[in-house]
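Trainee: Sending over a structure as structure tokens; questions will come in a sec.
The values are calculated or read from the model by the stated rules, or taken from the named source; none is laboratory data. Source: prediction; values computed, not measured. When we count neighbours, we look across all protein chains shown, and the Cβ atoms used for this are built from the backbone with ideal geometry, even at glycine. Just the protein is used for accessible areas: all its heavy atoms, side chains included, with ligands, DNA and RNA removed. Shrake-Rupley method; radii C 1.70, N 1.55, O 1.52, S 1.80 Å.
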Amino acid sequence: MSIFRKKGRSGEKIETQWSTAMRNFRKDKMALTGIAIFVIILIVALVQTMLNPKGWSTLTTDFAKPPSWHHPFGTTDSGLDLMSGCLKGALQDLIIAVIVSTMALVIGTAVGAVAGYFGGLLDSVLMRVVDLLLVVPLLTILIVMSNIFSSGGGSPLAIALLIGFLSWTYISRLVRAEFLALRERPFVEASIALGASSWRVITRHLIPNAIGVIMVNTTLTVAGAILLESTLSYLGLGIVPPAVSLGMLVQDGQGSATTSPWQFFFPAGLLLIIVLCVFVIGDGMQAAFDPRNARRRK
Amino acid sequence: MATDSTDTTRSPVLSVRDLVVHFQKKSSLPFAKPTSVVHAVCGSSFDLFPGETLGLVGESGCGKTTTGRAMLQLAEPTSGSIKFDGQELVGLSRKEMGEIRQNLQIVFQDPFGSLDPKMTVGQSIAEPLAIHGRWTDEEGPGLVAEAMRHVGLDPKFASRFPNEFSGGQRQRIGIARALILNPKVLILDEPVSALDVSVQAGVINLLADLQEKFGIAYLMIAHDLSVVRHVSDRVAVMYLGRIVEIADKVDLYSAPQHPYTQALLSAAPLADPKAERQRKRIILEGDVPSPTNPPSGCRFRTRCPKAQDICANEIPDLIDRGQNHAVACHFPEAMKII
Ligand SMILES: Nc1ncnc2c1ncn2[C@@H]1O[C@H](COP(=O)(O)OP(=O)(O)OP(=O)(O)O)[C@@H](O)[C@H]1O
Ligand code: SF4
Ligand SMILES: [Mg+2]
């Protein structure tokens, strides 16, 4: 005897967690604002850099002038228009944020997930590779690699890719540890008992349950990457002038924070806004999977 | 090996022979040999017939859960055979096993841990359909709603998360999830032991109703004889990885033959205070030995009041003593306890 009638009576609509999360995310005003600001900065920066590509390399005689109609963000000690610099620099940091977060999410999560879920030899091999990347000081690798890149003019994209390539290891370790713990949970066994494939267990059960760890650390990694970039520039290893990043401008402006504060506060403020956007977006993605929020939003 | 399989009138839906499950306890040091082997299940045999309930009873750690998990290939059998509807399950590929899983499902002991906290109740109950490609947007929601009604849950709760439900309700969700594929056999791993006493009866009655309606066979695991007493047709008693006695319920409770079964029964509380005072008690000495180093011969010999020399040297086979009452003891003797 069959338990179910051929045509079941209609019930509530059921969607996958990922669609639920997408729906939740689209209702998250904070996260949407974060994305909006992020995109606006990106567009403005792109437009400005296209309309006025020489803005940051044209020397003027306005040395260290405060903000004015002509120079909305003021000028630097050497007479460069700070707004052009800030927007061009923001572009560099946005590229880093996007590339590093994508690489951390995709490579970091995939490697951690595979190592943690399947264990065994695969785990050992993957984790030894990660160890190797973690053990060799990041700076050493960067110094060697960026020398190679710098000779090509320190392309912003190349620097972002380089930092991204070296930033996913931390997340992969955390995701692996989280997966090791999660795969022992009874609901995972329940799903396997039902016949779920490894792909399904990982994407439907483990990742949604590890999303907090993944998102928090991705945002931290992005913030760290932006800082790392400014450190590199400071050491002359990252991008080289006339290319510019917000980190570079902050370093330059630091000394004159009291005498000509705009040189410090504009790039620092913009940097802060970008990092905050990253945090808010990450927070939204995490909250989108959280049942408690689902209730609250209703 | 002789078992109750001598019953030739019906053919079993699930047939287990000489099942052995060992766990290697891995040393934490690399390159070291595995230090010890846990003999979780050691040569169990039993049959489960369509539509019946077989109770599987034993103390904590005797291998009940491992037996249940082995049925679904969640624990890999070291040796032995598990046949479902005549088809051998041991050694099946993941894909071939997938087909079987639609007919062979499990409800877990822990109602709090066995539901994904990030999935709605509806998503959890619908998962088996999705896994087996039986989900359609037209019919799926209706099937989920119907499964929820069958277990006494209001379908409008489908969009809620498990943390909003009590233990009893969660166990009902777990049952609905196992039920939606329309299985022939359900393994129930202590389905009520984690629940408040007040809601246990409700879940047990629900299971009995579902069995009556749909003719599902249950392998009902429990850690004492009182829970399975009301719902089982037959009962198997397990001690340290082996089945020591298996019989029809009435036989087992009225005339237990294995000293361990007798001891378990004598320890079970009775409802009638007068009978409780008068009945004899068999107090077992010592603890259950470790499954990493089980005793030779009869595994119960370290605690058995009737143990003789032969018990240390020869493993007693599970032998049918008539009326499908099988006992694994060198000196079986029917004894009225209650
Ligand atoms: N995955 C595993 N790895 C190693 N040992 C295990 C594993 N699973 C179970 N064991 C061991 O096997 C033995 C039997 O365990 P099992 O869970 O089957 O007992 P049980 O009868 O279900 O007990 P309980 O009543 O406590 O649920 C125990 O000694 C246990 O420690
Ligand atoms: S075989 Fe011996 S030790 Fe084992 S139960 Fe029977 S009498 Fe006791
Ligand atoms: Mg158990």
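Trainee: Around A:Arg185, which amide H atoms from residues at least 5 apart in sequence, or from another chain, sit under 5 Å from its own amide H, with H modelled in the peptide plane?
Mentor: Sorted by chain and number, the residues that satisfy this come to none at all.
Trainee: May I pose another question? Taking loop as defined by DSSP and a crowding limit of 12 other beta carbons within 10 Å, which GluC sites (Glu not before Pro) in the range B:285-338 fit?
Mentor: B:Glu285, B:Glu314
Trainee: Just to be sure I understand the model, the point goes 7 Å from the Cα along the line to the Cβ. What's the resulting A:Gln251 to B:Glu314 distance in nm?
Mentor: Using points 7 Å along Cα→Cβ, the separation is 8.7 nm.
Trainee: Quickly work out the B:Val197-to-B:Glu99 label distance, labels modelled 7 Å from Cα along the C-beta direction, and quote it in nm with one decimal.
Mentor: For the pair B:Glu99/B:Val197, the computed spacing is 4.8 nm.
Trainee: Can you tell me the convex hull volume per residue for chain B, based on C-alpha atoms, in Å³ to the nearest whole number?
Mentor: Normalising the Cα hull of chain B by residue number yields 159 Å³.
Trainee: I need the trypsin sites (Lys or Arg not before Pro) found in the range B:211-283, filtered to DSSP loop residues with at most 15 other beta carbons within 10 Å of theirs.
Mentor: B:Arg279, B:Lys280, B:Arg281
Trainee: Further question on the same structure: Could you give the semi-axes, largest first, of the ellipsoid that matches the range A:207-298, computed as the square roots of 5 times the alpha carbon gyration tensor eigenvalues and rounded to whole Å?
Mentor: The answer is 35, 16, 8 Å, longest axis first.
Trainee: Restricting everything to alpha-carbon atoms, can you work out Rg to Rh for the range B:97-171 with a Kirkwood hydrodynamic radius?
Mentor: 0.95
Trainee: Among B:Asp251, B:Asp224, B:Asp116, which one shows the highest mean-square fluctuation when chain B is modelled as a Gaussian network with alpha-carbon springs under 10 Å?
Mentor: B:Asp116
Trainee: Using only the alpha-carbon atoms, what does the range B:255-300 span along each of its principal axes? Please give whole angstrom values in decreasing order.
Mentor: Extents along the principal axes: 41, 20, 14 Å.
Trainee: Between Rg and the Kirkwood Rh of the range B:134-206, both from Cα atoms, what is the Rg to Rh ratio?
Mentor: Result for the range B:134-206 is an Rg/Rh of 0.98.
Trainee: Counting only protein heavy atoms, probe 1.4 Å: which residues of the range B:87-119 lose 20 Å² or more of accessible surface in the full assembly compared with their chain by itself?
Mentor: Buried-area filter returns B:Arg94, B:Arg101, B:Gln105, B:Phe108, B:Gly113, B:Ser114, B:Asp116, B:Pro117, B:Lys118, B:Met119.
Trainee: What number comes out for the charge environment of B:Asp116, summing +1 per Lys or Arg and -1 per Asp or Glu over other residues with Cβ under 11 Å away?
Mentor: +3
Trainee: Starting at the first residue of the range A:91-97, write each ³J(HN,Hα) from the Karplus equation 6.51 cos²θ - 1.76 cosθ + 1.60 with θ = phi - 60°, in whole Hz, x for Gly and Pro.
Mentor: Once rounded to whole Hz, the list reads 4, 4, 5, 5, 4, 4, 4.
Trainee: Which one, A:Ala181, A:Gly255, A:Leu126, projects farthest toward the positive side of the charge dipole computed for chain A from Cβ point charges (K/R +1, D/E -1)?
Mentor: Positive-end residue among those listed: A:Ala181.
Trainee: Separation between the B:Asp85 and A:Leu32 pseudo-spin-labels, each 7 Å from Cα along Cα→Cβ, expressed in nm?
Mentor: Placing both labels 7 Å along Cα→Cβ, they lie 5.1 nm apart.
Trainee: What residues have an amide H closer than 5 Å to that of B:Leu14, excluding those fewer than 5 places away on the same chain, when H is modeled at 1.01 Å from N in the peptide plane?
Mentor: Those lying under 5 Å, H to H, from B:Leu14 are B:Leu48, B:Asp85.
Trainee: Then there is this: Using only the alpha carbons of the protein assembly as shown, what is the convex hull's orientation-averaged projected area in square nanometres?
Mentor: Hull-based average projected area comes out at 36.5 nm².
Trainee: Return the tail of the calculated pair distribution for chain A, meaning the percent of Cα-Cα pairs more than 28 Å apart.
Mentor: Working: 21827 of 44253 pairs.
It works out to 49 percent of all Cα pairs.
Trainee: Now a separate question. Strictly over 28 Å apart at the Cα level, which of B:Lys249/B:Lys280; B:Lys95/B:Lys156; B:Lys25/B:Lys184; B:Lys213/B:Lys336; A:Lys29/A:Lys54; A:Lys27/B:Lys156 would you flag in this model?
Mentor: B:Lys95/B:Lys156; B:Lys25/B:Lys184; B:Lys213/B:Lys336; A:Lys29/A:Lys54
Trainee: Add +1 for every Lys or Arg and -1 for every Asp or Glu among the other residues with Cβ under 12 Å from the Cβ of B:Gly286, and state the total. Spell out each step's value before the answer.
Mentor: Working: positive: B:Arg301, B:Arg303; negative: B:Glu285, B:Asp287.
It works out to a net charge of 0.
Trainee: Work through the residues other than A:Ile41 whose Cβ is under 13 Å from its Cβ and net out their charges, Lys, Arg +1 and Asp, Glu -1.
Mentor: Surrounding charge for A:Ile41 is 0.
Trainee: Semi-axes of the range B:178-335's equivalent ellipsoid from the Cα gyration tensor, sqrt of 5 times each eigenvalue, largest first, rounded to whole Å?
Mentor: For the range B:178-335, the semi-axes come out at 30, 19, 16 Å.
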